[in-house]
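Trainee: One structure, pasted below without further comment.
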Amino acid sequence: MNIPSLERYLNSFGKQIVKQAKENLSAADKKGALENSIDFFVIRKGGSITVRFKMNSYGAFVDKGVSGTDKKRSFKDYKGKTVKSPFSYKKSKGHSQPPTKALDKWIVKKGIAPRDKGGKFISRKSIKFLIARSIGKKGIQGISFFQKPLMLGMKQFSSKFGKAIADDIVNSLRQQKIA
């Protein structure tokens, strides 16, 4: 079956979701590698056609958040419901906080250089540990940068989806009549 209307619809849907997700990251001051990694693909396999989205793996943590050991985090899913984050730091050995290595560039970029009571700068190693421990306890609030546009896209495109399928069916029937 030839399905050009549905394929055009899915391409349009994918472009809109990616564009809005990138805008949401930009508005949340989270520009960079994650924003650049967001993309979509329309995939034809057998008689079906689907749209798949991709992004850097840590995008799910930014989108859905991570519960801390002391505080639970939530996010708004694509249906508009507030849902508990599926990710969490555990009180078990090794997973109670993010790795300090991940914070090094961020600390430099933000210009974080606090001083102790005596006026001396605190070592970067200590700062990384303190921030990582705080994140481990408090978690990371999800910003639903991807879930929100997905929800809006589902609402906006639902009527067009039915029309695209109907157009493809009518065109397919016309082609069968001609043959």
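Trainee: Quickly run through region 9-28 and pick out the residues that are surrounded by fewer than 20 Cβ atoms within 10 Å (Cβ to Cβ) and farther than 17 Å from Lys54 by Cβ.
Mentor: Answer for region 9-28, where residues must be surrounded by fewer than 20 Cβ atoms within 10 Å (Cβ to Cβ) and farther than 17 Å from Lys54 by Cβ: Ser12, Glu23, Ser26, Ala27, Ala28.
Trainee: Looking at Ala33, is it out of contact with any helix residue (DSSP H, G or I) (no Cβ under 6 Å at 6 or more places or on another chain), under 23 Å from Lys128 (Cα atoms), loosely packed, with under 13 Cβ neighbours inside 10 Å and hydrophobic (A, V, I, L, M, F, W, C)? Break it down stepwise before answering.
Mentor: On the way: out of contact with any helix residue (DSSP H, G or I) (no Cβ under 6 Å at 6 or more places or on another chain): yes; under 23 Å from Lys128 (Cα atoms): yes; loosely packed, with under 13 Cβ neighbours inside 10 Å: yes; hydrophobic (A, V, I, L, M, F, W, C): yes.
Yes.
Trainee: In addition: Which residues, taken from region 36-68, are loosely packed, with under 14 Cβ neighbours inside 10 Å and either of a type in the set (D, E, K, R) or on the phi > 0 side of the Ramachandran plot (or both)?
Mentor: Asp39, Arg44, Lys45, Gly46, Arg52, Lys54
Trainee: Kindly check whether there is at least one residue in region 124-134 that is surrounded by 15 or more Cβ atoms within 10 Å (Cβ to Cβ), within 25 Å of Ala33 (Cβ to Cβ), of a type in the set (S, T, N, Q) and within 27 Å of the chain's Cα centre (by Cα).
Mentor: no
Trainee: Please report, ordered by residue number, the strands (runs of 3 or more DSSP E) entirely within region 25-140 with at least 1 residues that are not assigned by TED's automatic domain parsing to the domain that holds Phe13.
Mentor: On the way: elements: 39-45, 48-54, 74-76, 82-84.
Filter on region 25-140 gives 74-76, 82-84.
Trainee: Among what's in region 69-109 and is under 16 Å from the mean Cα position of the chain (by Cα) and among the small types (Gly, Ala, Ser), pick the residue that is surrounded by the most Cβ atoms within 10 Å (Cβ to Cβ).
Mentor: Ser85
The values are calculated or read from the model by the stated rules, or taken from the named source; none is laboratory data. Computed from a prediction, not measured in an experiment: that's the story for all the values here. Neighbour counts are summed over all protein chains in view; Cβ atoms, including those assigned to glycine, are modelled from backbone coordinates with ideal geometry.
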